[in-house]
Amino acid sequence: MTIETTQPHGVRIEQRRVLRTEVPGPRSRELHARKTAAVASGVGTTLPAYIARAAGGIAVDVDGNQLIDFGSGIAVTSVGNSAPRVVEAVQAQVEDFTHTCFMITPYEQYVAVAERLNELTPGDHAKRSALFNSGAEAVENAVKIARHYTGRTAIVAFDHAYHGRTNLTMALTAKNMPYKHKFGPFAGEIHRAPMAYPYRWPTGRATCADEAFEAFTTTVRVQVGAENVAAVIVEPIQGEGGFVVPAPGFLRKVAEWCAAEGILLIADEIQTGFCRTGDWFASTHEGIVPDLITTAKGLAGGLPLAAVTGRAEVMDAVHTGGLGGTYGGNPIACAAALAAIDTMQADDLCAAARRIESIMRPRLDALAAKYDQVGDVRGRGAMLAIEFAEPSSALASAVAAACHRAGLIVLTAGTFGNVLRFLPPLVIGEDLLSEGLDVLEAAMGEVL
């Protein structure tokens, strides 16, 4: 695998951490003052180090600090920032045209992305795809499609789920603060079932899959009625909810039950998709073939693009004109997606994700063995997390802040805010990955 160190415009970014000022530095603080004065305060910032350039696993801020990136813009820049194939494709497309609206005068790039998605997503059945702008928009449209196809209205989601910030997707999302607080009332006919969360399951890991499945089916039958359910939506690994990997076998049981009840299964692979977990899609690890799958984040190398891909008979049930949007499947974003997928295939980024796990997981396990405050280490591929035992955000926030000061971008997550999650670019070099883990270890030593 070739590690990107030179941006297409010829500026070399050495793949190592460099601290020239405190983080954030004086230029970033100036920009943040402007941000505070100009941008709505509801738009938060995790680390106000303003980025000027980025490549591979390094982000360079306006003060010249080179930060190791363990966040990838929330699993978006899996192929690295300014990936050469992506930049070249985007530049070429901008020169041709930037927009026509696919619903007015279409173009090949949209069709080509749909073809690639139909080929890559799980299952060998006939498929169709529709393109949108964001993950939340993809989820909204998956729900529309499921309701239209089945003639039913109820949707079942899970505890700890995150599906977006629009009205409908807030209803699907489990966590109140900051996503839902005082934004209601929310869309109706949304119901919630327990998630098979091994670390937090009351009777332990061994019983989690069976008991959670029983609780799920009981909830649906008693509170909703299976005959009223259009779809069950689930993240194969929950993202914002804390990188919860469902107990082995749970999702297979859910999928089989849905099929028997005529309920569609929607896999939200917005964060898990495109090599992130060591396979193209996390559903494959679970042995499930969703009826509909939503994708975004890692799809287009940093440009806004999302999709719903599903069984042809389900997708084609919607009347002409029932799906779409002015910017959905923008030609520049489509060009970026085709180049990003080419990069994933050419550089075997599924194998890269597994290699990242082989380096990171032993180090994270060692930290868990060293510190009693660490309750769980989990994840797959380059989607890994540690959960602190105390259901409070204090420790995770303190460790993340220490990492940020030392030049390592990390993110927190979890229903209780007590999870540190790691999403390095899949092109990150092993030396840089190890250096980032050294910073994490030092930060935990400082805080714990």
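The values are calculated or read from the model by the stated rules, or taken from the named source; none is laboratory data. Computed from a predicted model, the values in this text were never measured in an experiment. Note that we place each Cβ from the backbone using ideal geometry, even for glycine, and neighbour counts take in every protein chain shown.
Within segment 244-284, the set of residues being small (Gly, Ala, Ser) and within 18 Å of the chain's Cα centre (by Cα) comprises Ala267, Gly273, Gly278, Ala282, Ser283. For segment 173-292, the helices (runs of 4 or more DSSP H) that sit wholly inside it and include 1 or more residues that are without any contact (Cβ under 8 Å) to a residue 40 or more places away in the chain are 208-219, 250-261. Looking at this structure, is Thr272 hydroxyl-bearing (Ser, Thr, Tyr), in contact with a helix residue (DSSP H, G or I) (Cβ under 9 Å, 6 or more places away or on another chain) and over 21 Å from Gly135 (Cα atoms)? Spelling it out, it is not the case that Thr272 is hydroxyl-bearing (Ser, Thr, Tyr), in contact with a helix residue (DSSP H, G or I) (Cβ under 9 Å, 6 or more places away or on another chain) and over 21 Å from Gly135 (Cα atoms). Quick check on segment 1-19. Is at least one of its residues β-branched (Val, Ile, Thr), modelled with pLDDT under 95 and closer than 22 Å to Lys297 by Cβ? Scanning segment 1-19 turns up at least one residue that is β-branched (Val, Ile, Thr), modelled with pLDDT under 95 and closer than 22 Å to Lys297 by Cβ. Number of residues in segment 423-440 that are part of a helix (DSSP H, G or I) and either in contact (Cβ under 8 Å) with a residue 60 or more places away in the chain or of a type in the set (Gly, Ala, Ser) (or both): the value is 10. Within segment 101-159, being at positive phi and either of a type in the set (Gly, Ala, Ser) or at pLDDT below 95 (or both) holds for Gly123, Gly151. Filtering segment 353-364 to residues that are under 15 Å from Ser434 (Cβ atoms) and either of a type in the set (D, E, K, R) or in contact (Cβ under 8 Å) with a residue 12 or more places away in the chain (or both) leaves Arg355, Ile356, Glu357, Ile359, Met360, Arg361, Arg363, Leu364.
Taking the condition under 26 Å from Gly64 (Cα atoms) and over 18 Å from the mean Cα position of the chain (by Cα), does Ala368 pass?
Working: under 26 Å from Gly64 (Cα atoms): no; over 18 Å from the mean Cα position of the chain (by Cα): yes.
No: the conditions fail for Ala368.
From the list Ala333, Ala351, Ala366, which one is surrounded by 24 or more Cβ atoms within 10 Å (Cβ to Cβ) and assigned to a helix (DSSP H, G or I)? Don't jump to the end; show me each part of the working.
Values: Ala351 fails: surrounded by 24 or more Cβ atoms within 10 Å (Cβ to Cβ); Ala366 fails: surrounded by 24 or more Cβ atoms within 10 Å (Cβ to Cβ).
Of Ala333, Ala351, Ala366, the one residue that is surrounded by 24 or more Cβ atoms within 10 Å (Cβ to Cβ) and assigned to a helix (DSSP H, G or I) is Ala333.
Yes or no: segment 211-220 includes at least one residue that is farther than 27 Å from Val314 by Cα, under 25 Å from the mean Cα position of the chain (by Cα) and of a type in the set (Phe, Trp, Tyr). No; the residues of segment 211-220 include none that is farther than 27 Å from Val314 by Cα, under 25 Å from the mean Cα position of the chain (by Cα) and of a type in the set (Phe, Trp, Tyr).
Do we have any residue at all in segment 40-53 that's surrounded by 19 or more Cβ atoms within 10 Å (Cβ to Cβ), over 30 Å from Leu323 (Cα atoms), among the small types (Gly, Ala, Ser) and not assigned by TED's automatic domain parsing to the domain that holds Asn330? Within segment 40-53 (the criterion being surrounded by 19 or more Cβ atoms within 10 Å (Cβ to Cβ), over 30 Å from Leu323 (Cα atoms), among the small types (Gly, Ala, Ser) and not assigned by TED's automatic domain parsing to the domain that holds Asn330), the answer is yes, since at least one residue qualifies.
Anything in segment 91-125 that is in contact with a Lys or Arg (Cβ under 7 Å, 6 or more places away or on another chain) and assigned to a loop (DSSP other than H, G, I, E, B)? List them, or say none. Working first, answer last.
At the first step, the residues of segment 91-125 found to be in contact with a Lys or Arg (Cβ under 7 Å, 6 or more places away or on another chain) are 118, 121, 125.
The answer is Thr121, His125.
Inspection of segment 81-90 finds a residue satisfying the criterion of being in a loop (DSSP other than H, G, I, E, B), small (Gly, Ala, Ser) and in contact with a Lys or Arg (Cβ under 8 Å, 6 or more places away or on another chain).
Can you tell me which residues in segment 126-151 are in a loop (DSSP other than H, G, I, E, B) and within 22 Å of the chain's Cα centre (by Cα)?
Asn133, Ser134
Residue-level check: of (1) in a loop (DSSP other than H, G, I, E, B); (2) surrounded by fewer than 23 Cβ atoms within 10 Å (Cβ to Cβ); (3) out of contact with any helix residue (DSSP H, G or I) (no Cβ under 6 Å at 6 or more places or on another chain), Arg361 misses just (1). Can you work out which of the residues in segment 342-352 that are within 20 Å of the chain's Cα centre (by Cα) and among the small types (Gly, Ala, Ser) is nearest to Val439 (Cα to Cα)? Only one residue fits best here, namely Ala352.
Of the residues in segment 191-213, how many are surrounded by fewer than 21 Cβ atoms within 10 Å (Cβ to Cβ) and over 13 Å from Gly249 (Cβ atoms)? Of the residues in that region, 9 qualify. Whether a residue is in contact with a strand residue (DSSP E or B) (Cβ under 9 Å, 6 or more places away or on another chain), surrounded by fewer than 24 Cβ atoms within 10 Å (Cβ to Cβ) and part of a helix (DSSP H, G or I) was assessed, and Val314 passes this test.
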